[in-house]
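This report refers to the structure that appears directly beneath it.
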Amino acid sequence: MATIPARARTWRRRETRVQLLIWLAWLFAVALFIGCFRLISEKTIWAFVWDAPQQAGDLALRMVPPDWLYIRALGRPIWDTINIATVGTLISVLCAIPVAYCAARNTTPSVAVVRPIALFIIVSSRSINALIWALMLVTIIGPGVLAGIIAIALRSIGFCAKLLYEAIEEIDEGQVEAVRSTGASGAQVTAYGIVPQVLPAFAGISVFRWDINIRESTILGLVGAGGIGLELNGAITQLYWTQVSLILLVIIGTVIVSEWVSAKIRHAII
Amino acid sequence: MSVAAVAPRRWKRPPLIKSAWLRWALAIGFALYLTLVFQTTPVNWTRVWEGLPRGAAFVSAFFPPDFLSRWDEITEGIAESLWMTVVSTVVGIALSIPVGIGAAKNIAPAPVYYFCRAVLAVSRSFQEVILAIFFVKLFGFGPFAGFVTLSFATIGFYSKLLAEDIEDMDAAQAEAVRASGASWLQWFNYGVQPQVMPRMIGLGLYRFDINFRESAVIGIVGGGGIGATLNTAFDRYEFSSAAAIIIVIIAIVMLCEYGSGHLRRWAQ
């Protein structure tokens, strides 16, 4: 009566072949991971690593309490750090506008020549970290805030231009068409058809990048490009650990405030 | 007759900020700020002027870059950066799964939630290089410090996005699995994980890119990898070797981006 088939098929998530492939991929990934870890461990002095918890405890003891009075010396470096981030972002968005205009498929003057150049500018600016730009600029134009500003600007052009050209490519062509059909010139089409559509995105991108740049500009001083990183580097090399902990607190505070400001502004725009 | 000729008022483009008062206040405030910046920022223009020929020398070093004279150092540095990237991405993501689950408000109890959010905040507010300075102090020079740095930074990035993704998931699907009598692990594996998986694979690959880019930098403070080689090249004014290193970095970043784009499309 009860004719249950001999081999009832149980539900499975995947077919056998797919499951095997997934297992193979896992095997490969694990082998790669172990191989890489062994190469790292060959270059590591393990005695130092095992010693690390004790070192960390030692360091933590030396860092409390923070040297609160030192805050009086930090006003200037923080002002410089914020300036590096703000002016750097300003320069970068000004440079990013023409690059994005040339990189977007619907506005570029020529797809064959100008667009690849613009894309190349975007990629090379994005691949190189601000610290590396700062390293180059400090050797070229000398240490100081100016090197930091230019480093931040060069690093941010790619980021801003990439997001901006994606925004330009997503605009509603109907509005552009409508402006063009009234007999507007090329510049008028851009000003009345394209700019109003991407302006909110543009403002959002600038503020977002400014927030990232505040974080980036805290370290530029390590290679001599001004800002609070200079103080941090000095305090660490002179082993003033109580000053180091105060600097770290100031950095956390600045980063949190800037994140809050940027979130507020972006919320208001979008 | 002449009624139509007199237009009541001209049309003007609607501005981005509606309130005129706020618009002007922002513009004037920003102008004031900029003048203040220019007055308080000392720029040594003679030094900048002197540096321009050096800048020209650097730019001309790119034509042609010198790959050969430091080739061994370059390959070794790049290889070290790549190992660090692989290991730290894997370890970072493995560690950020529990942190991310703990930081999701809809499935974690309150004390766990606040603890995990605190870990996230600390890991996110410091730039990788600052973390690297401290980890180099603790673990000594070399790739191990770099690996710990990148893993820690990965936790901040990845578990925040994972937590947000879990918070945005469709609760009904998870509820259905739970209603069938699943244990917590089964519930997570069949109800939650399939919903967040596609996006998380993409983000993991994206983080791999970021980790490689950062691994090129933390070498400057002693964290191993290609950054140390680059720093030395700059310090010795070997611009053509530095140019070669930068070109190699750009090439690998582009390759990673291209490859991860393909993998992401395949995973989704």
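Structure values in brief
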| quantity | calculated |
| --- | --- |
| Which numbered condition B:ALA153 misses (of (1) in contact (Cβ under 8 Å) with a residue 60 or more places away in the chain; (2) part of a helix (DSSP H, G or I); (3) more than 13 Å from the chain's Cα centre (by Cα)) | (3) |
| Every pair of residues 6+ apart whose Cβ atoms lie under 8 Å, when the first sits in the stretch B:177-193 and is at negative phi and open to solvent by 60 Å² or more (accessible area, probe 1.4 Å) while the second is in a loop (DSSP other than H, G, I, E, B) and modelled with pLDDT of 85 or more | B:TYR190/B:ALA182 |
| Near pairs, Cβ below 7 angstrom, 6+ apart or cross-chain, from the stretch B:239-268 (assigned to a helix (DSSP H, G or I)) to any residue that is open to solvent by 80 Å² or more (accessible area, probe 1.4 Å) and not charged (D, E, K, R) | B:SER260/B:TYR206 |
| Residue check for A:PRO98: assigned to a loop (DSSP other than H, G, I, E, B), at pLDDT below 95, open to solvent by 20 Å² or more (accessible area, probe 1.4 Å) and out of contact with any strand residue (DSSP E or B) (no Cβ under 8 Å at 6 or more places or on another chain) | no |
| Pairs with Cβ under 8 Å, 6+ apart, first in the stretch B:28-49 and within 11 Å of chain A (Cβ to nearest Cβ), second open to solvent by 60 Å² or more (accessible area, probe 1.4 Å) | B:THR40/A:TRP79 |
| Options B:TRP49, B:TRP83; residue that is of a type in the set (A, V, I, L, M, F, W, C), over 28 Å from A:GLY227 (Cα atoms) and modelled with pLDDT of 80 or more | B:TRP83 |
| Pairs with Cβ under 7 Å, 6+ apart, first in the stretch B:60-83 and within 13 Å of chain A (Cβ to nearest Cβ), second assigned to a helix (DSSP H, G or I) and of a type outside the set (A, V, I, L, M, F, W, C) | B:ALA61/B:SER240; B:GLY77/B:THR229; B:GLU80/B:PRO143; B:SER81/B:SER215; B:TRP83/B:PRO143 |
| Per-region count, the stretch B:232-250, residues within 9 Å of chain A (Cβ to nearest Cβ), open to solvent by 10 Å² or more (accessible area, probe 1.4 Å) and either at pLDDT 85 or above or within 15 Å of A:SER124 (Cα to Cα) (or both) | 1 |
| Count - residues of the stretch A:111-151 that are assigned to a loop (DSSP other than H, G, I, E, B) and either in contact with a helix residue (DSSP H, G or I) (Cβ under 9 Å, 6 or more places away or on another chain) or within 14 Å of chain B (Cβ to nearest Cβ) (or both) | 5 |
| Residue list for the stretch A:70-88, filter: in contact with a helix residue (DSSP H, G or I) (Cβ under 9 Å, 6 or more places away or on another chain) and farther than 30 Å from A:ALA153 by Cβ | A:TYR70 |
| Pair list, Cβ under 6 Å, 6 or more apart: the stretch B:110-125 residue over 25 Å from A:ASN213 (Cα atoms), other residue in a helix (DSSP H, G or I) | B:VAL112/B:GLY102; B:CYS116/B:VAL99; B:CYS116/B:GLY102 |
| Selection count where residues are open to solvent by 30 Å² or more (accessible area, probe 1.4 Å) and acidic (Asp, Glu), scope the stretch A:172-219 | 3 |
| Of all residues making up the stretch B:57-80, the number that are open to solvent by less than 60 Å² (accessible area, probe 1.4 Å) and modelled with pLDDT under 85 | 6 |
| B:MET169 touching a Leu at 6+ places or on another chain (Cβ under 7 Å), more than 11 Å from chain A (Cβ to nearest Cβ) and modelled with pLDDT of 85 or more | no |
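The values are calculated or read from the model by the stated rules, or taken from the named source; none is laboratory data. From a predicted model like this one, the values you see are computed outputs, not experimental measurements. Every residue, glycine as well, gets a Cβ built from its backbone with ideal geometry; the counts of neighbours run over all protein chains shown. Accessible surface is based on the protein model in full, side chains and every heavy atom, while ligands, DNA and RNA are left aside. Shrake-Rupley method; radii C 1.70, N 1.55, O 1.52, S 1.80 Å.
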